[in-house]
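Trainee: One structure, as structure tokens, below. Some questions next.
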Amino acid sequence: MNFRNLIWLFPVAITLHNVEEAIWLPDWSKREGRWFAPVEPGVFRFAATVFAILAFAVTWLSARSGPQTIWTYLAFGCIVAALANVLFPHVALTVAWRGYMPGVVTALAINLPVLSVLVVLALRERDVSGWKAVGYCVGVGAAMPAAIRTLFKLGKILKF
């Protein structure tokens, strides 16, 4: 088992997680409006689909380009951002509200173990390293909220 072979688990895990959210998050967001703006099912599913496609695309580019390339660092940044997403908002809000937040099941059962293994393998095998890896993690993590808002707006414009 090595990072180069197992990296394909990343987009699979993201897709499964997005499916869970796509089923339950839109209705949940209407009930939890104090923390999240309600999102229409079609708009959310559009954004989730785009993220899944991007996860497969970045993984494919990383797999083709190999270690220490921009695509592998970008994939690593996405993996770490998705791993952080397990803790916030999923676990944090589930604990704080003492109730199910859509996505927490796949976040804990799939994303946490799979993405943790990928992070360890990528670092151990030196597919990514050093401050460059940290920079991509911070950059991707910082870009995610804006990307989500942009995709929601685009989904509304396209009338999903």
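Trainee: Given the residues Ala92, Ala146, Ala142, Ala122, which is the only one that is crowded, with 18+ Cβ neighbours inside 10 Å and either modelled with pLDDT of 95 or more or out of contact with any His (no Cβ under 8 Å at 6 or more places or on another chain) (or both)?
Mentor: None of the other options fit; the residue is Ala122.
Trainee: Given the criterion more than 25 Å from Gly135 (Cα to Cα) and of a type outside the set (A, V, I, L, M), identify the matching residue among Ser29, Ser62.
Mentor: Ser29
Trainee: Scan the stretch 149-160 for residues that are buried (at least 16 other Cβ atoms within 10 Å of the Cβ) and either modelled with pLDDT of 95 or more or within 15 Å of Ile70 (Cβ to Cβ) (or both) and report the count.
Mentor: Looking only at the stretch 149-160, we keep the residues that are buried (at least 16 other Cβ atoms within 10 Å of the Cβ), and these are 151-152, 155, 160.
After this cut, where a residue has to be either modelled with pLDDT of 95 or more or within 15 Å of Ile70 (Cβ to Cβ) (or both) as well, the list is 151-152, 155.
Final tally of qualifying residues: 3.
Trainee: Answer with yes or no whether Thr59 is in contact with a helix residue (DSSP H, G or I) (Cβ under 8 Å, 6 or more places away or on another chain), more than 22 Å from Thr150 (Cβ to Cβ) and of a type in the set (Val, Ile, Thr).
Mentor: Criteria not met by Thr59.
Trainee: Something else about it: I need every pair where a residue in the stretch 121-137 that is over 14 Å from Cys78 (Cα atoms) has its Cβ under 6 Å from the Cβ of a residue that is among the hydrophobic types (A, V, I, L, M, F, W, C) and assigned to a helix (DSSP H, G or I), sequence separation at least 6 or different chains.
Mentor: Leu121/Phe3; Glu125/Phe3; Asp127/Phe3
Trainee: I would also like to ask the following. All but one of (1) free of Cβ contacts under 8 Å to residues at least 40 places away in the same chain; (2) crowded, with 16+ Cβ neighbours inside 10 Å; (3) over 29 Å from Leu158 (Cα atoms); (4) out of contact with any helix residue (DSSP H, G or I) (no Cβ under 7 Å at 6 or more places or on another chain) hold for Ser29; state the number of the condition that does not hold.
Mentor: Looking at each condition in turn, Ser29 falls short on (3).
Trainee: Do we find that Asn5 is among the polar types (S, T, N, Q) and closer than 19 Å to Leu108 by Cβ in this structure?
Mentor: When the stated conditions are applied, Asn5 does not pass them.
The values are calculated or read from the model by the stated rules, or taken from the named source; none is laboratory data. Keep in mind that what you see is a predicted model, and the values were worked out from it rather than measured. Please note: Cβ atoms are built from the backbone with ideal geometry, for glycine as well, and neighbour counts cover all protein chains shown.
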